[in-house]
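Structure record follows, encoded as structure tokens.
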């Protein structure tokens, strides 16, 4: 029995230890570092306790102290899910169980989740080499540091628990969205943005905030698990969000521009096809083009992609755009030289320049 327990303890440490160590090493926040140290200490404690008779008896006690201290920090820093009254940034859950304050994806700030993901991605994703991981960090860390500096953004936490629940086949759709609604004297038009694969990172909302403040618009970013919008339920999830937004007197839902990134572009196209004439315009960024029938509502379509995109080859986008134009869709294709699949972050001002006129 002792041998079996030893094997189990070793396996637990081998599985958890490296990730916990990487988290503690790469984390920028004290909560992230504390979470990594806590996980490592908890994984190592059973083995240390079993070996205490042969080694120092102090080790289990030290590990227990580290775990307790780290857990105290993590729990103290856990986001509440609710920003200050009147804050421009919001996080709304339309179903149960609502905001999961003590899920691992809220106990570990999203900035540290992204840094950990960038550190391990080259080992697990063939398309993500170290240079791409570095580029992702270069593009997103300024946004995340601004998020960490803003108490309202910190309060809303993360939606990554839903993304990973979806990835592992668990229920995920609680009807959630992030929103940024600046103060205004009149009702605001809305940019409705559908995230891509990986989930609804709060950095998307922070990215669009600059355009929202500049143009006097609201930004709404619905969540749909890991971002596989092609599955049943994607259109219904957006309908649910729109129904909830209809009760907000600050928003003008007769002036909605629908946008989607990557796989979210395929979701946006499906939503637009299901509701002909409902949206002022449709914007697809670095898009997966599923090509539903968009001709019925004659919604103006803007497609923005980079000519160095290795995820969605530019020639595929060009061919899909040609077919849509031949079907009668009013389409404008914008090719951004030198930009890859991350052009929303890498060429933000160019994207804003294409989107802003759609609200005027």
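Evaluating residue 300 against the criteria (1) closer than 24 Å to residue 173 by Cβ; (2) touching a strand residue (DSSP E or B) at 6+ places or on another chain (Cβ under 8 Å) leaves one unmet condition, (1). Take the conditions in contact with a helix residue (DSSP H, G or I) (Cβ under 8 Å, 6 or more places away or on another chain) and at pLDDT below 85 and apply them to residue 146. Does it pass? So residue 146 does not fit the description; no. Residue-level analysis places residue 228 among those that are within 15 Å of the chain's Cα centre (by Cα), assigned by TED's automatic domain parsing to the domain that holds residue 294 and surrounded by fewer than 24 Cβ atoms within 10 Å (Cβ to Cβ). For the range 294-325, filtering for residues that are surrounded by fewer than 19 Cβ atoms within 10 Å (Cβ to Cβ), farther than 16 Å from residue 132 by Cα and in contact (Cβ under 8 Å) with a residue 40 or more places away in the chain leaves 1. Could you tell me whether any residue of the range 128-143 is buried (at least 20 other Cβ atoms within 10 Å of the Cβ), assigned to a helix (DSSP H, G or I) and under 13 Å from the mean Cα position of the chain (by Cα)? For the range 128-143, residues buried (at least 20 other Cβ atoms within 10 Å of the Cβ), assigned to a helix (DSSP H, G or I) and under 13 Å from the mean Cα position of the chain (by Cα): present. Within the range 244-274, restricting attention to residues that are touching a helix residue (DSSP H, G or I) at 6+ places or on another chain (Cβ under 8 Å) and modelled with pLDDT under 95, the residue that is surrounded by the most Cβ atoms within 10 Å (Cβ to Cβ) is 267.
The set of residues from the range 326-346 being part of a loop (DSSP other than H, G, I, E, B) and surrounded by 16 or more Cβ atoms within 10 Å (Cβ to Cβ) comprises 329, 339, 340, 341, 342. Residue 97 meets each of the listed conditions (1) in the same structural domain as residue 346 (by TED's automatic domain parsing); (2) at pLDDT 95 or above apart from (2).
The values are calculated or read from the model by the stated rules, or taken from the named source; none is laboratory data. All values derive from a computational prediction rather than experimental measurement. Using ideal geometry, Cβ is built from the backbone for each residue, glycine included, and neighbour counts are taken over all protein chains shown.
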